[in-house]
Amino acid sequence: MNRGPRAALLVLVGTLGTGGVAAPALAHARVHTVPSGVRIAGVRVGGLAPGAAAAAVRTAFAKPLPLVVNGTKVELHPSKLATAYIQPAVGRALSARPGANVKLVVTVHGTALRATADAPAFTWI
């Protein structure tokens, strides 16, 4: 009795059937996260999913920067003076080597920065 082709066909069908059930479960199990120890502009994002990494950088970028100018305390609000390109940085972080510090590209809003520099606290400029 030659079972070779029939046995091979049964094994193939069984393997495909198992793969059809297991593949969707494995697809949901694969969550891309930022490699361990990676930072974006100094913000720790290692181990985070892309959305969480973007939120962490966005939160850090939104914090006011305290300055003392001529003895006067001033707070600069980065989100009012510049635009941070967070999504591209997260994309680079996903493929960065563990422990890397990924640069955050920022463009400065010239008009807003000049208006801030013209404020009374910055009269020394």
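Every number in this text was worked out from the coordinates using simple rules, so none of it is lab data. Everything numeric here is computed off the predicted structure, so don't read it as measured data.
A few notes on this one:
- Calculated P(r) tail over 19 Å for segment 32-122, as whole % of Cα pairs: 46
- Chain lengthening between L67 and A49 when straightened (0.36 nm per residue, less Cα-Cα): 3.2 nm
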